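Where a number appears in this text, it was derived from the coordinates with a stated rule and is not lab data. Since this is a predicted model, take the numbers as computed values, not measurements. All Cβ positions, even for glycine, are placed from backbone atoms using ideal geometry, and neighbour counts span all protein chains on display.
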Amino acid sequence: MFKCCLLTVVTSVWTGALWADTTDESSVSATIDVEAAEAIFRKSCRACHGNKAQGASSYPALADLEPAYIATQLERYRAGEKIGPNSILMISHAKRLSDEDIANISVYVATAFD
C-alpha cells in the first residue's frame, strides 16, 4: 500500500541531521522514503518484531510507539549503548543505519501498520 509513494507525516522533533534544531516541542513535517523504510523493515526488523511490528516473544511491539522514541532508541543502539537483553543484536543492525534510515524506519514502523 505504501510502496510507490512518499508519505508526509507530522512527527515530534528529535535531534538528528534531518531535523531543524528547535528548542520547543513543536512538530515538524518530514518527507519519508517509505520504499527504503519498508526494505529496511523487511531485512532487519520483521524477523524479530513480527510482520506488522506487533512484537514476538522477547522482542517488543514497535507499531504502537512514537517515531521520536523509536529514533532515539535506534540512535542509542547505533552508538553502541546496551539498553536491554537484545542489545547486541540491535546494535549490530543499528550500526548500519544512517540518520536518514533512522528517520525513515521510525516513522514507517509507527504508522504503516495502523
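Counted by Cβ distance under 14 Å from Arg76, the other residues give a net charge of 0, where Lys and Arg count +1 and Asp and Glu count -1. With the cut-off at under 17 Å, measuring from each backbone N in the stretch 68-96 to a point 7 Å along the Cα-to-Cβ line of Ser58 picks out 82-93. Ile91 sits among other residues whose Cβ lies under 11 Å from its own Cβ, and their net charge, with Lys and Arg +1 and Asp and Glu -1, is +4.
The residues neighbouring Tyr108, those whose beta-carbon lies less than 10 Å from its own, together hold a net charge of -3 under the Lys/Arg +1, Asp/Glu -1 convention.
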